[in-house]
Amino acid sequence: MGSITKLHLFNLPLLLLLVVSFSSSLSEPNQFCDAGIGYEESTCGISTTSSKILIKGGTVVNAHHLEVADVYVEDGIIVAVKPHIHVGDDVTVLDATGKFVMPGGIDPHTHLAMEFLGTESVDDFFSGQAAALAGGTTMHIDFVIPVNGSLTAGFEAYEKKSKKACMDFGFHMAITKWDEVVSKEMEIMVQEKGINSFKFFMAYKGFFMVNDDLMLEGFKKCKSLGALAMVHAENGDAVHEGQKRMIELGITGPEGHALSRPPVLEGEATARAIRLASFINTPLYVVHVMSIDAMEEIAKARISGQKVIGEPIVSGLVLNDSWLWDPDFLTAAKYVMSPPIRAAGHDKALQAALSTGVLQLVGTDHCTSNSTQKAFGINDFRIIPNGVNGIEERMHLVWDTMVVSGQISVTDFVRVTSTEWKGAILTGSDADIIILNPNSTFEISAKSHHSRSDTNVYEGRRGKGKVEVTIAGGRIVWQNDELKVVPGSGKYIKLPPYSYLFNGIDKSEANYLSSLKAPFCDAGIGYDESACGMPTTSSSSSKILIKGGTVVNAHHQEVADVYVEDGIIVAVKPHIHVGDDVTVLDATGKFVMPGGIDPHTHLAFEFMGTETMDDFFTGQAAALAGGTTMHIDFVIPVDGSLTAGFEAYEKKSKKACMDFGFHMAITKWDEVVSKEMEIMVQEKGINSFKFFMAYKGALMINDDLLLEGFKKCKSLGALAMVHAENGDAVYEGQKRMIELGITGPEGHALSRPAVLEGEATARAIRLASFINTPLYVVHVMSIDAMEEIAKARISGQKVIGEPVVSGLVLNDSWLWDPDFLTAARFVMSPPIRAAGHDKALQAALSTGVLQLVGTDHCAFNSKQKALGIDDFRKIPNGVNGIEERMHLVWDTMVESGQISVTDYVRITSTECARIFNIYPRKGAILAGSDADIIILNPNSSFEISAKSHHSRSDTNVFEGRRGKGKVEVTIAGGRIVWQNDELKAVPGSGKYIKLPPYNYLFSGIDKAEANYLASLKAPVKRTIISKA
């Protein structure tokens, strides 16, 4: 698909029935200045700060990591982000010690200077944006309303309105009618005007509402243009009937507004829009999600794999509808918006959905009226202008409601309020920055806000976390509670089509057409010659230039060159020129990605009287041939001793040829182990500990030990991991199989059914919740376990689920093969499951229920597997996968259209780096990252065979499997180690990578703990009454 959109998502707001007339009869603005006149003389003034700014000592927060660093800005661009930057006297220096330095907020949903029902919203493109800047928002996306259905006329009108803009902005476009002229205008809006999203109103009958026929036409056009379809989801016909009913009942006040459009109507319209978007196979964005009903429909769609974005707005997150019943009309009327603010309970549910990723980002639907305008509907709620404020309050309220409460982390705050390009504190990004003091407090009031409205729906609200400085376009525009804004200084930002949501759409479409068994063309052969095909294109110094490839990171992709020197990525940008001493690799038509990180391996693992075939050289060499450039192996204690285990694995890893890290298993509990855990985290670079709930009599631990271990992990900022099977029940199942005479490999699967994996997963999740610590469930193999993880994540619990590649692509039919050695090679624990589990796990991975893919690479040869020829309990458990993972995940998930190319990077590399706290050193193609890189040709094919793989095992569970998408080059540590199907691995060249504690999953844990303790309202102070 075309270029990836730079703004991560554009939330389309609810088009409120905003009726706000801007006339002399309305009350005058009582705030900071009148932007309508005297711009140059305005007391809002012009910033006098220099074009050079240094922000020192703050905690720099991006959406996926944070660090203490300085930020240097020059001429509106972030020039450097690193510690201890030194500058000259001509630089304005801001001290951010103890504060957060973040990207300025981006509000995806506003209505400035909106004309409706003969009036206009009181905030125009100066006063509304000035208010935004005072609240830490540095860009917004407003909705262009067509003029008599004309998109061109609407765009021209909004161009004029936005002349006075004082910060950057973009546009969405509403579609209110359909004909060939509108269809052509949509093309112009996307291709020339920089609009990449179109909104369809399912409400406002007689004004903006469109029927399903128009919506289907619009969705098809959006898909063809790579534009995002957005909906205001309420059943307009039913709302109209509800309004009539209220009037007939004599209910004419603001409460009638809510009663006429209940949540069931929002839920119905949301479900309908989702199904129509699915029918067309185009992404969908649901604006201003206000109810549990709508949120649950979005959750179901996302779980099924559909690309649906849900946008709550700040009023829906923090308010309830009780105000609509206030006896004072103007108090009640100021809360009228559509869909309505809901009853208590919906707000908390939307907060939980935002915290767990069911909903993705927060808008405001800022559409302000003053009291005179609201009074238009004093005798009929249908005439009350719909709309509330929020553009100035959003950042503070989201921080106070979501971060201070511990529901989301500081990095998640950046994600839901900003993120990407605009939305990043990175070298080269626009200098749209805020400094937020988490210890400062705020209070909201219409008397002090910067909107022209004389009302504020958050009146009197107080909280923690205040934006003390706002920098927009490299200028300090908010400092010391003073605005310094410049009318006309804002820029219109064009929004490119084909956001990441469109990745995989073409492939899923092709698969759908293929499934029809209708002739259209054979894309399976002769790509260069095929009419429907895609063109294909096809020694190492310490300097490498990769030219012309599509550079893919977890959250965006771009065509660029990548320059590497001395093992580090030095530059990522187009058209890099180098000297003759540089090795140049042509990646035209190919993907340049971070090398894979396998979170789950067992090399040189001693178990059941034998040892895995692959050691730290052969296993890693196999990994490099398959595009994996780092792995994390499990250290097994020696007689329970963590120290002895670590020392043993240090020796085993001397021959490593690529970078690696360690997890640590816990197999017993005492004070010595507790102290050793501290040493492992603080000195040895281990940040995760695994607890086996299976392998009774060997590695298994009980719940008492599990609770102790979980508590210790929490105290150290280390991640608790579990192998989740009920070991006692498995042991009973094994005995039962032997008693029944079932001694072959099929007995392995029958003795440990999926229900036992589900039970143990649920138990581990509940115990981790009881302790309030994050949990990582390794090798999720069944629907039963996956569903427990899904429920936990929906509830807001921090649980990570890791499927392994064998569980994603195989089923258990091989365990019944009549040839023992064929069947035995598939024995692993938990077992490979029956057909159906694999597809369910794929779907869960594609929708974020599961987060990353491992292998549990634990390779044995035929002779070792034959140890259990008379008793399946003696068959060494384990399969291969370290070499095959990257190819199989690409073929299974990307080629099928289930995930995008960026998602592929996330689940095979970036998410692992984030979870184990080494991002962006690993898992990214960014300047400064380690040069662990692969070049993948999506048009090349692969075939797997034990005859050609690089593992020492003589078997391969993926034998004979073929697919598309081949890693043609692997670069590890800045060295080309795989090229032209040839390995150049150097024993001893791999580095041990220490993994720091306190990854992003621990953000908010302490606050949640404090809130829990406060909720106990204990101890109670009581008086002892003595008996007479």
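The values are calculated or read from the model by the stated rules, or taken from the named source; none is laboratory data. Everything numeric in this text was worked out from a predicted model, so none of it was measured. Note: ideal-geometry Cβ built from the backbone for every residue, glycine included; neighbour counts use all protein chains shown. Side chains included, ligands, DNA and RNA excluded: accessible areas come from the protein's heavy atoms. Shrake-Rupley method; radii C 1.70, N 1.55, O 1.52, S 1.80 Å.
In the set (1) buried (at least 24 other Cβ atoms within 10 Å of the Cβ); (2) under 34 Å from the mean Cα position of the chain (by Cα); (3) of a type in the set (A, V, I, L, M), the condition left unmet by Ala834 is number (1). Among all positions in region 723-740, there is at least one residue which is aliphatic (A, V, I, L, M), out of contact with any Cys (no Cβ under 9 Å at 6 or more places or on another chain) and within 30 Å of Met630 (Cβ to Cβ). Screening His450 with (1) part of a helix (DSSP H, G or I); (2) touching a Phe, Trp or Tyr at 6+ places or on another chain (Cβ under 7 Å) gives one miss only, at (1). Scanning region 733-740 for residues that are touching a Ser or Thr at 6+ places or on another chain (Cβ under 7 Å), more than 22 Å from Ala835 (Cβ to Cβ), modelled with pLDDT of 90 or more and crowded, with 19+ Cβ neighbours inside 10 Å turns up at least one hit. Residues of region 200-240 that are part of a loop (DSSP other than H, G, I, E, B), of a type in the set (A, V, I, L, M) and either touching a Phe, Trp or Tyr at 6+ places or on another chain (Cβ under 7 Å) or at pLDDT below 90 (or both): Val210, Ala227.
Exactly one residue out of Ser418, Ser451, Ser409 is of a type in the set (Ser, Thr, Tyr) and open to solvent by 10 Å² or more (accessible area, probe 1.4 Å): that is Ser418.
Scanning region 927-952 for residues that are assigned to a loop (DSSP other than H, G, I, E, B), within 27 Å of Ile993 (Cα to Cα) and modelled with pLDDT of 95 or more returns Ser929, Ala931, Asp932, His949, His950, Ser951, Arg952.
Would you pick out the residues in region 616-655 that are open to solvent by 30 Å² or more (accessible area, probe 1.4 Å) and either of a type in the set (A, V, I, L, M, F, W, C) or assigned to a helix (DSSP H, G or I) (or both)? Within region 616-655, Phe617, Val638, Thr643, Ala644, Glu647, Ala648, Glu650, Lys651, Lys652, Lys654, Lys655 qualify. Phe155: among the aromatic types (Phe, Trp, Tyr), within 12 Å of Lys491 (Cα to Cα) and open to solvent by less than 10 Å² (accessible area, probe 1.4 Å), yes or no? No, not satisfied.
Evaluated against (1) at pLDDT below 95; (2) open to solvent by 20 Å² or more (accessible area, probe 1.4 Å); (3) not aliphatic (A, V, I, L, M), Glu482 falls short on exactly one condition, (1).
On the stretch given as region 896-936, residues that are open to solvent by less than 10 Å² (accessible area, probe 1.4 Å), polar (S, T, N, Q) and over 30 Å from Gly717 (Cα atoms) total 1. Annotation: of all residues in region 98-119 being assigned to a loop (DSSP other than H, G, I, E, B) and touching a Pro at 6+ places or on another chain (Cβ under 9 Å), the one that is farthest from Ile384 (Cα to Cα) is Gly98. Tell me, which helices (runs of 4 or more DSSP H) lie completely within region 738-844 with 1 or more residues that are polar (S, T, N, Q)? By residue number, 745-751, 754-771, 805-809, 820-824. Restricting attention to region 60-97, the residues that are under 27 Å from the mean Cα position of the chain (by Cα) and not in a strand (DSSP E or B) add up to 4.
Met677 passes every criterion in (1) open to solvent by 10 Å² or more (accessible area, probe 1.4 Å); (2) in contact with a Cys (Cβ under 9 Å, 6 or more places away or on another chain) apart from (1).
In the condition set (1) surrounded by fewer than 24 Cβ atoms within 10 Å (Cβ to Cβ); (2) at pLDDT 95 or above; (3) farther than 24 Å from Ala844 by Cβ, Val287 is compliant with all but (1).
Summed over region 255-271, the residues that are more than 23 Å from Ser499 (Cβ to Cβ) and under 25 Å from the mean Cα position of the chain (by Cα) give a count of 2.
Residue selection: Ala269 fails the criterion of being at pLDDT 90 or above, crowded, with 24+ Cβ neighbours inside 10 Å and among the small types (Gly, Ala, Ser). The set of residues in region 996-1014 being loosely packed, with under 12 Cβ neighbours inside 10 Å and either modelled with pLDDT under 80 or part of a loop (DSSP other than H, G, I, E, B) (or both) consists of Tyr1012, Leu1013. The set of residues in region 167-199 that are part of a loop (DSSP other than H, G, I, E, B) and surrounded by fewer than 22 Cβ atoms within 10 Å (Cβ to Cβ) comprises Lys177, Trp178, Asp179, Glu192, Lys193, Gly194. For the structure I just gave you, tell me whether Thr427 is more than 30 Å from Tyr1012 (Cβ to Cβ) and among the β-branched types (Val, Ile, Thr). For Thr427, the condition - more than 30 Å from Tyr1012 (Cβ to Cβ) and among the β-branched types (Val, Ile, Thr) - is met. Of all residues in region 786-812, those being modelled with pLDDT of 95 or more and small (Gly, Ala, Ser) number 4. Filtered by the rule that a residue be farther than 30 Å from Gly963 by Cα, open to solvent by 10 Å² or more (accessible area, probe 1.4 Å) and not basic (Lys, Arg), region 793-813 gives Ile794, Ser795, Gly796, Gln797.
Select, from Leu821, Leu841, the only residue that is farther than 24 Å from Ala762 by Cα and at pLDDT 95 or above. The conditions single out Leu821. With touching a Phe, Trp or Tyr at 6+ places or on another chain (Cβ under 6 Å), among the hydrophobic types (A, V, I, L, M, F, W, C) and closer than 30 Å to Ser769 by Cβ as the only criterion, which of Val403, Val410, Val398 stands out? Residue meeting the stated conditions: Val403. Scan region 779-788 and tell me whether some residue there is in contact with a strand residue (DSSP E or B) (Cβ under 6 Å, 6 or more places away or on another chain), under 24 Å from Ser304 (Cα atoms) and surrounded by fewer than 24 Cβ atoms within 10 Å (Cβ to Cβ). For region 779-788, residues in contact with a strand residue (DSSP E or B) (Cβ under 6 Å, 6 or more places away or on another chain), under 24 Å from Ser304 (Cα atoms) and surrounded by fewer than 24 Cβ atoms within 10 Å (Cβ to Cβ): present. Has region 721-728 got at least one residue that is open to solvent by 10 Å² or more (accessible area, probe 1.4 Å) and not in a helix (DSSP H, G or I)? Yes - at least one qualifying residue is present in region 721-728.
Results for (1) surrounded by 24 or more Cβ atoms within 10 Å (Cβ to Cβ); (2) touching a strand residue (DSSP E or B) at 6+ places or on another chain (Cβ under 7 Å); (3) hydroxyl-bearing (Ser, Thr, Tyr), shown as yes or no for each residue.
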| residue | (1), (2), (3) |
| --- | --- |
| Ile280 | no, no, no |
| Ile298 | yes, yes, no |
| Ser304 | no, no, yes |
| Pro312 | yes, no, no |
| Pro327 | no, no, no |
| Ala352 | no, no, no |
| Thr368 | yes, no, yes |
| Asp380 | no, no, no |
| Ile383 | no, no, no |
